[in-house]
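The values are calculated or read from the model by the stated rules, or taken from the named source; none is laboratory data. Not measured: the values here are computed from a predicted model. Please note: Cβ atoms are built from the backbone with ideal geometry, for glycine as well, and neighbour counts cover all protein chains shown. For accessibility, only protein heavy atoms count, side chains too; no ligands or nucleic acids. Shrake-Rupley method; radii C 1.70, N 1.55, O 1.52, S 1.80 Å.
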Amino acid sequence: MKSSIIVGMQWGDEGKGKIVDVLSEKADAVIRYQGGANAGHTVVIGDKKIILHLIPTGILQNKTSIIGNGVVVDIEEIVDELNHIKGMGFDDTKLIISSRAHMLLPLHKAIDNAKETRRKHRIGTTKRGIGPAYIDRLGRKGLRMGDMLDRARFISQLEDYIDSFNANEARFYKIDRIRKDCFIDEIMKIRKRILKYIANTEKISYELIRKKSTILFEGAQGVLLDIDFGTYPFVTSSHPIAPYAFCGSGFPILRDYQTIGIMKAYTTRVGEGPFPTRMSSEEELKMREMGGEYGATTGRGRDCGWLDLFAMKYSSFINSIDKIVLTKMDVLSGMKIIKVCTGYKLRGRLVDEFPSNADDLARVKPVYKNMKGWTAEDMRHLKNGKVSPSIRSYVKLIEKQTNAAVAMISTGPSRRDIVYLEKI
Ligand code: IMP
Ligand code: MG
């Protein structure tokens, strides 16, 4: 397998966790390049279900697992997650956190909460502090993981940071002021625990490249949540798109790599914002139950809709997708007719590009194609490599609209439930 960037093609929750887990068997290192603990990557191993928010999924295959500079690291969450994976018998010695990654502190979560409550048009954030942490980073006042290395200097930085928070955000958002001594004590405890994972990851990438290693870049969220290319302002504060994999990881642009897009056979969205192919509430209720569509991070019920190939054409172009992994195909089995959106109409006219404005996107009317469904029996045959005509038509339509090959189909939650249509 080539080095690969794995991205969610929709609004997140496409099943990236499982696919990265399966593919990391053939990789030397797995790297997260953006986002933070807003992600929830679910992996099922035997009868165990493991949800990772920050640590790259590669840790479960004992691969070098890097948290890149583009990630915001929730320092409380990372300790919990380390305890969780170690408690389940996984090794944590191959985890590396970039010294350039920004630190996400409890106060970022308090600000996220306060801002969201005051918004006229809510974004529906995960309240994990993501936006405020990225604001500090762009505002050039954030603390970085590498700042922990020099204890005395770090304490002085923390003191300045708390002074600024108490004088500004705490006052403005009416959040409890921070008591310096207790706060610094808590952070020092965490520091002790995570110091050993912090390193200059650029040096490690250099070594990995020198050894011609296979790298997996593990995207979080999805293209339609990208801060620039998503459905702004109903987006996250980072860049889930493939081109950011290099920026957010300290790797130079690789000469030989592929982009693998993860696409769920239908669409879900959690949080606010336009969703053109959303189903009727009755259909949605059924879909949510059948697909177990509840947030891995927040537990919220996800909104459900039909596959939107007009959005996927855009997503494929933005990411330059080479191969697609189609997930949750089994969830659709038993449906007589499956609707697929192939275009949008705005004010009665077909639009020729994916709207950049959320108001326009909220007004479009999807143009649907009715596809013949498949049965549970067809799914069983698929597991043995036999593709039924209705599944083939679905796959062909996806390939035609996205100009990318469907290489794998995921037919269930476990590692074994994978069918390869093509080598990856
Ligand atoms: P934030 O990233 O917590 O600021 O949330 C911004 C938007 O992105 C909200 O609509 C969230 O529901 C959505 N979001 C963030 N992370 C994920 C994810 O991992 N999966 C799906 N949606 C997400
Ligand atoms: Mg998720």
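For the reader, a short list of remarks on this structure follows.
- Unit Cα scatterers, Debye sum, the chain: log10 I(q)/I(0) for q = 0.08 Å⁻¹: -0.44
- Computed from Cα atoms, the angle from the helix 151-167 axis to the main principal axis of the chain rounds to 70 degrees.
- Phe229 contributes an accessible area of around 80 Å² to the protein surface, as traced by a 1.4 Å probe with all chains present.
- Angle between the chain longest axis and helix 180-194 axis [Cα atoms, degrees, rounded to 10]: 60 degrees
- Comparing Arg140, Arg122, Arg269 in a Gaussian network model of the chain, where Cα atoms under 10 Å apart are tied by springs, the biggest mean-square fluctuation is seen for Arg140.
- Cα centroid of the range 129-150 to Cα centroid of the range 213-260, whole Å: 20 Å
- Ligands, DNA and RNA are left out, and with a 1.4 angstrom probe the accessible area of the range 38-122 is 37 Å² per residue.
- Heavy-atom accessible area, probed at 1.4 angstrom with all protein chains present, ranks Asp378, Asp322 as Asp322, Asp378, highest first.
- Separation between Cα centres of the range 74-94 and the range 1-45, rounded to whole Å: 18 Å
- Calculated accessible area for the range 126-187 comes out at 59 Å² per residue, all protein chains present (probe 1.4 Å; ligands, DNA, RNA ignored).
- Per residue accessible area of the range 207-344, 1.4 Å probe, in Å²: 38 Å²
- Computed over protein heavy atoms with a 1.4 angstrom probe, the accessible surface ordering of Leu346, Leu382, largest first, is Leu346, Leu382.
- The apolar share of the surface of the range 354-424, taken as the fraction of accessible area on carbon and sulfur atoms (1.4 Å probe, ligands and nucleic acids excluded), comes to 48 percent.
- Where Cα atoms sit under 14 Å apart: lysine pairs in the range 84-195 separated by 8 or more or lying on different chains: 5
- Gyration tensor over alpha-carbon atoms, the range 1-149, equivalent ellipsoid semi-axes in Å: 26, 18, 15
- Helix-only CD estimate at 222 nm, as mean residue ellipticity for the chain, using -39500 (n - 2.57) per DSSP H run (n ≥ 4): -10000 deg cm²/dmol
- Lys396 accessible area, 1.4 Å probe, all protein chains in place, Å² to nearest 10: 110 Å²
- Over the range 186-314 - Rg/Rh using Cα atoms and the Kirkwood inverse-distance radius: 1.07
- Relative contact order (%) - criterion: Cα under 8 Å, at least six apart; region: the range 17-161: 20 percent
- For GluC sites (Glu not before Pro), the sites in the range 334-417 that DSSP calls loop and that have at most 13 other Cβ atoms within 10 Å are Glu353.
- Between Glu186, Glu14, Glu218, the GNM of the chain built on Cα springs shorter than 10 angstrom shows Glu186 fluctuating the most.
- Solvent-free Debye calculation, one equal scatterer per alpha-carbon of the range 277-411: log10 I(q)/I(0) at 0.13, 0.17 Å⁻¹ equals -0.63, -1.07.
- Mean-position separation - Cα centroids, the range 283-314 and the range 366-385, in angstrom: 18 Å
- Over the range 276-424, relative contact order from alpha-carbon pairs under 8 Å, at least 6 apart, %: 26 percent
- Choice from Ser280, Ser65, Ser316 showing the highest fluctuation, given a GNM over the chain with Cα pairs closer than 10 Å: Ser280
- Value of relative contact order over the chain, rounded to a whole percent, pairs C-alpha under 8 Å and six or more apart: 20 percent
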